[in-house]
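The structure appears right after this line, and notes come after that.
Laboratory data are not the source of any read-out in this text; all were calculated from the coordinates shown. From a predicted model like this one, the values you see are computed outputs, not experimental measurements. Cβ sites come from the backbone with ideal geometry, for glycine too, and all protein chains shown count toward neighbours.
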Amino acid sequence: MNIPVYLDNNATTPMDPSVLEAMLPYFVEKFGNAASRNHPFGWVAEEAVDYAREQVAKLIGASEKEIIFTSGATESDNLAIKGVFEMYHEKGNHIITTVTEHKAVLDACKHVEKLGGKVTYLPVKEDGLVDLAELEAAMTPETILVSIMYGNNEIGVVQPVKEISAIAHKHGALFMTDAVQAVGKIPVDVNADGIDLLALSAHKIYGPKGVGALYVRRKGPRVKVTAQMDGGGHERGMRSGTLNVPGIVGLGKACELCMQEMESEAIRLSALRDKLQAELTVLEESYVNGNQEHRLPHVANISFKYVEGEGLMMAMKDLAVSSGSACTSASLEPSYVLKSLGLSDDLAHSSIRFGLGRFTTEEEVDYAIEVTKKSVTHLRELSPLWEMFKEGIDLDSIEWAEH
Amino acid sequence: MAYSEKVIDHYTNPRNVGTLDKASHKVGTGLVGAPECGDVMRLQIQVDDNNVITDAKFKTFGCGSAIASSSLATEWLKGKSIDDAMKIDNMDIVEELALPPVKIHCSVLAEDAIKAAINDYRVKNGLEAIVSEKVHH
């Protein structure tokens with residue numbers, strides 16, 4: 001077992017060695033520009049990109065012509081939202097999203113608002129899922145796009161994507177999803193799910209950083225986005241810039257591996273995750289955040305009440321996890337995702353996200369359980385709130401001196 | 001963000017964790033911060049007849065820097081008169097623990113806890129509470 005143990009696979013994943021192997025020839029030996037149409041160097045690169053395009057398309061049930069390579073999911077989200085807004089502004093100016101989206105989606109929506117667009121930020125239910133009736137009620141004749149993430153990065157809940165896309169389509173809007181956390185982890189099919197645009201990233205699926213893709217539907221309906229990067233007209237004019245051939249080859253290989261391993265990995269990881277969760281919720285006053293039925297197989301977000309998340313992570317220094325506590329930020333605001341579930345601030349401050357991955361072993365999960373239990377117990381001994389709780393004092397009855 | 005060695009030392013081996021008898025008139029208790037803000041400190045002092053602090057205990061809910069700040073505060077308080085203790089400045093804590101700017105509020109909280117504990121003791125013993133004029137930035 002390697003110490004420290006990495007359980008932050010929602011932040012990024014280590015690259016699979018076979019992905020690296022696939023990429024290596026494309027740095028020095030096969031260095032051509034995929035847009036060089038007149039010599040073998042360009043052809044070799046183009047062939048590699050075409051093959052990767054097929055690998056990516058296959059994983060999400062798309063056609064290779066519908067894949068636009070980008071620098072990552074942040075760019076894909078921006079291209080989809082700003083690009084749809086600009087392309088369809090004559091049809092309407094309204095976009096619907098949710099408050100628990102990734103910042104790339106939220107900030108792209110904020111940008112659209114500055115351009116005169118209207119954006120509805122739907123709240124979510126206590127379990128993190130979108131209320132379909134609220135979505136339906138928010139739809140207007142002006143709505144051109146519904147952008148709702150597939151699986152959440154902090155709590156792992158999986159949205160009812162089929163139902164959401166059906167509502168969007170019924171009202172003549174396009175459906176876009178940030179599927180960064182879901183693609184390669186659970187079956188995602190753009191046709192079965194009714195997806196018109198989909199953002200994905202390589203580094204969350206054991207591929208390299210700095211490369212991702214945007215799926216843009218070509219049939220029923222044919223979707224277009226206005227380019228956000230002008231230049232040589234690459235990627236069917238939607239994303240200019242010389243293609244990152246080694247990165248794209250890596251993304252393709254990563255998708256192929258996910259295709260092969262996803263099913264068995266989902267079973268293995270959900271069993272490990274369930275074990276972790278069962279063992280840790282044995283601790284008094286610990287709560288699992290988010291819907292436990294509709295969620296990704298590899299994530300557990302748990303609040304350990306009366307212990308502060310950052311302090312806890314410091315105690316678990318040989319365990320790499322992340323916390324909803326934002327003690328390091330100047331704002332002192334804890335995670336907006338957890339808060340939008342209706343979690344009180346103190347529970348949001350007390351949360352830890354455990355993200356398992358392809359290289360996580362049972363031994364590591366056992367280690368994580370042991371270290372977490374020990375650290376929570378240790379910090380509770382240091383916690384005045386825990387002492388008060390044990391004495392039966394209602395913490396809500398105390399007038400805290402806010403600072 | 002990397003923590004300084006002193007923060008890690010206090011965090012790993014916190015000094016004077018515990019609880020003194022809140023009801024005793026020889027004990028002053030300061031409880032500052034709020035759970036919503038992610039840190040709560042409780043600092044207690046035991047004072048003898050010469051107004052000298054003979055014991056200090058803390059419990060803190062918060063990040064490593066908050067725990068280290070309160071641990072350090074208890075160390076500094078022991079043996080000091082309550083008048084001298086009142087002079088402990090949050091910037092002394094920042095300096096000693098090499099806290100980065102985002103963690104300065106932890107030291108402010110520790111200073112507030114010290115003052116609150118002393119004032120609690122003073123009020124219990126028929127003295128006036130001392131209002132701090134200091135404005136934290």
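Here are some notes:
- Share antiparallel - DSSP beta bridges, region A:17-258, percent rounded to 5: 40 percent
- Placing pseudo-labels 7 Å out from each Cα toward the beta carbon at A:VAL99 and A:TRP43 gives an inter-label distance of 5.8 nm.
- On Cα atoms only, tilt of A:362-382 relative to the major axis of chain A in degrees: 40 degrees
- Shape of region A:17-258, Cα gyration tensor, a/c cut at 1.5: prolate
- FRET efficiency for A:ASN191 and A:GLN292, using Cβ-Cβ distance with R0 set to 22 Å, rounded to 0.05: 0.20
- A cut-off of 5 Å between modelled amide H atoms, ignoring neighbours fewer than 5 places along the same chain, links A:ASP178 with A:ILE148, A:MET149, A:TYR150, A:ALA199.
- Averaged over the residues of peptide A:169-177, the number of Cβ atoms from other protein chains lying within 10 Å of each residue's Cβ is 0.
- Per residue of A:341-354, other chain Cβ atoms within 10 Å of the residue Cβ number 2 on average.
- Theoretical gain in end-to-end length, A:ALA11 to A:GLU381 [0.36 nm per residue, Cα-Cα removed]: 130.1 nm
- 15 Å beta-carbon shell around A:VAL288, net charge (K/R +1, D/E -1): -3
- Cα-Cα over 20 Å, subset of A:LYS125/A:LYS162; A:LYS185/A:LYS253; B:LYS57/B:LYS115; A:LYS162/A:LYS204; B:LYS87/B:LYS115: A:LYS162/A:LYS204
- Bridges between two residues of the protein assembly as shown, per DSSP, are antiparallel at a rate of about 70%.
- Where labels lie 7 Å past Cα in the beta-carbon direction, separation of A:ASP394 and A:PHE31 in nm: 7.2 nm
- Net charge, B:GLN44 excluded, C-beta distance under 11 Å - Lys, Arg +1, Asp, Glu -1: +2
- Average silhouette area of region B:5-124, convex hull of alpha-carbon atoms, in square nanometres: 6.6 nm²
- Helix-only [θ]222 nm of chain A, DSSP H runs n ≥ 4, -39500 (n - 2.57) each, per residue, nearest 500: -12000 deg cm²/dmol
- Between helix B:64-77 and chain B: long-axis angle, C-alpha atoms, 0 to 90°, nearest 10: 40 degrees
- C-alpha center-to-center spacing [region A:102-166, region A:19-82] in angstrom: 29 Å
- Nonlocal amide H pairs with A:VAL119, under 5 Å, H built at 1.01 Å: A:ILE95
- Centroid-to-centroid separation of region B:44-117 and region A:337-393 [C-alpha atoms, Å]: 27 Å
- For A:GLU54, A:GLU363, order by how many other beta-carbon atoms lie within 10 Å, fewest first: A:GLU363, A:GLU54
- Least to most buried among B:HIS25, A:HIS89 (fewest other Cβ within 10 Å first): B:HIS25, A:HIS89
- Near A:ALA166, once Lys and Arg are set to +1 and Asp and Glu to -1 for all other residues with Cβ below 13 Å from its Cβ, the sum equals -2.
- By other beta-carbon atoms within 10 Å, ranking A:SER201, A:SER36 with the fewest at the front produces A:SER36, A:SER201.
- Each stretch of four or more DSSP H residues adds -39500 (n - 2.57); spread over every residue of chain B, this sum gives -12000 deg cm²/dmol at 222 nm.
- Chain A: angle of helix A:161-170 to the longest principal axis, Cα-based, in degrees nearest 10: 50 degrees
- Intensity falloff of the protein assembly as shown expressed as log10 I(q)/I(0), Debye formula with alpha-carbon point scatterers, at q = 0.10, 0.12 Å⁻¹: -0.86, -1.08
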